[in-house]
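Working notes for the structure below.
The values are calculated or read from the model by the stated rules, or taken from the named source; none is laboratory data. These numbers were taken from a predicted model, which means no experiment stands behind them. When we count neighbours, we look across all protein chains shown, and the Cβ atoms used for this are built from the backbone with ideal geometry, even at glycine. Note: areas computed on protein heavy atoms with side chains; ligands, DNA, RNA excluded. Shrake-Rupley method; radii C 1.70, N 1.55, O 1.52, S 1.80 Å.
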Amino acid sequence: METVLSGIRPTGNLHLGNYFGAVQSFVQLQHAYKCFFFIADWHSLTTHPHPENIRKSVKTILAEYLACGIDPEKATIYVQSDVREVCELYLYLNMNAYLGELERVTSFKEKVRKQPDNINAGLLTYPSLMAADIIIHKANKVPVGKDQEQNMEMARKFARRFNTIYEVAYFPEPESFHLSEKALKVPGLDGSGKMGKSEGNAIYLIDDEKTIRKKVMKAVTDSGPALPGSEKPEPIANLFTLMEIVSSKDTYDYFNGKYNACEIRYGDLKKQLAADINTFCAPIRERITELSSDEAYLDKIARLGAEKATESAARTIREVREIIGFRPAPLS
Ligand code: AMP
């Protein structure tokens, strides 16, 4: 069975864009692949040396992924900093990673522009940590956005380089797995573009009914179509896209018909959309609340994930040490 791995940033709560754009696919993937999902708390140190409430953020993300349907018995969901073997592989990869190639990475150059006062080695070697995260489990497929393509190319390069230097066919070259071609692009509520936490236009899975309604009722609209069958301007098309995602086909067809007949009342459409978003979110929200209050359960799940991920990582490190020529670590 092929192995899929995905990293999750421990920042903020999940919104509908994250759910329909990524998490929903992860829930499906766990039935067809051996899946590893890790919460990338070490990576966050490259930009936030004093991560505020990192343990709380990690728990929130864990609770939300579980509430969405990640099954800890099927997939391995773990916290990156719980698997120290990753650091050892990161060190080996860094020994054969070159300054020039690391400096050329676009995301590094962007970070240099964004935080000129903190250009740390962690930022520079982000691609080798990412490669270590992936190849430590010999993952074949990594669901990533297009912006990660260069880092994926680096991961393949580091895997290939290890194989070449030590004359082995040990690490598979991980492939990018573009969910975005299959997954939905969820629009925001502010008239244009995608839903995103930094855009301030998101509905979070944890939002209560009142908050959802307030956000939806504030969404940008216009005075309605001038002629029957007019094309929908972006803010309106976005509301219909959201409706297509969360509402029944009948509901969508009803409002679409009203629009095409120039009889649309946006207030009614928004009320219906808010109700349907709430119907979708309510069971997930309840589960998030329930899980978030059960610290002991979340700890148990994190421990189970750490055990499974460490077993897989430790096997790789044992073999890598042997390939390079080190003796087995005495305490492993
Ligand atoms: P972010 O928290 O913005 O890094 O998003 C994490 C992942 O969620 C992204 O890599 C996308 O796969 C997905 N995602 C975020 N926002 C959207 C959106 N509006 N529509 C579809 N997918 C999204």
Those residues of the stretch 177-216 which are in contact with a Lys or Arg (Cβ under 8 Å, 6 or more places away or on another chain), near the ligand (Cβ under 8 Å from one of its atoms) and not hydrophobic (A, V, I, L, M, F, W, C) amount to Ser180, Lys185, Pro187, Gly188, Lys194
| query | Given the structure, is Thr310 open to solvent by 20 Å² or more (accessible area, probe 1.4 Å), assigned to a helix (DSSP H, G or I) and under 30 Å from Gly193 (Cα atoms)? | reply | no
Requiring at least 2 residues that are within 15 Å of the ligand (Cβ to nearest atom), the strands (runs of 3 or more DSSP E) wholly within the stretch 1-96 are 3-8, 34-39
Residues in the stretch 206-221: is at least one closer than 22 Å to Cys68 by Cα and small (Gly, Ala, Ser)? no
Expected single match for touching a Cys at 6+ places or on another chain (Cβ under 9 Å), of a type outside the set (Val, Ile, Thr) and either farther than 26 Å from Ala132 by Cα or open to solvent by less than 90 Å² (accessible area, probe 1.4 Å) (or both) among Arg321, Arg287 is Arg287
Pro187: passes all of (1) touching a residue at least 40 places away in the same chain (Cβ under 8 Å); (2) open to solvent by 20 Å² or more (accessible area, probe 1.4 Å) but (2)
In the stretch 102-130, residues that are within 22 Å of Ser25 (Cα to Cα) and touching a Pro at 6+ places or on another chain (Cβ under 8 Å) total 0
Residues in the stretch 133-170 that are over 17 Å from Leu102 (Cβ atoms), away from the ligand (no atom under 15 Å from the Cβ) and in contact with a Pro (Cβ under 6 Å, 6 or more places away or on another chain) total 3
The residue from Ser176, Ser128 that alone is open to solvent by 20 Å² or more (accessible area, probe 1.4 Å), hydroxyl-bearing (Ser, Thr, Tyr) and within 22 Å of Ser312 (Cα to Cα) is Ser176
Residue hits (the stretch 97-120; hydrophobic (A, V, I, L, M, F, W, C) and outside any helix (DSSP H, G or I)) are Ala97, Val105, Ile119
Quick check: is even one residue across the stretch 123-138 of a type outside the set (A, V, I, L, M), within 19 Å of the chain's Cα centre (by Cα) and not in a helix (DSSP H, G or I)? yes
Checked Val112, Val79 against criteria (surrounded by fewer than 18 Cβ atoms within 10 Å (Cβ to Cβ) and farther than 20 Å from Lys141 by Cβ); the one match is Val112
| request: For Gly224, indicate whether it is at pLDDT below 95 and either β-branched (Val, Ile, Thr) or in contact with a Phe, Trp or Tyr (Cβ under 8 Å, 6 or more places away or on another chain) (or both). | output: yes
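To keep it simple, each residue is scored yes or no on (1) assigned to a loop (DSSP other than H, G, I, E, B); (2) of a type in the set (Gly, Ala, Ser).
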position	(1), (2)
Met152	no, no
Ala159	no, yes
Thr164	no, no
Glu167	yes, no
Tyr170	yes, no
Glu173	yes, no
Lys185	yes, no
Leu189	yes, no
Arg213 passes all but one of the listed conditions (1) assigned to a loop (DSSP other than H, G, I, E, B); (2) touching a residue at least 12 places away in the same chain (Cβ under 8 Å); the exception is number (1)
In the stretch 263-284, anything surrounded by 17 or more Cβ atoms within 10 Å (Cβ to Cβ) and either among the acidic types (Asp, Glu) or farther than 20 Å from Cys68 by Cα (or both) is listed as Ile264, Tyr266, Leu269, Lys270, Gln272, Leu273, Asp276
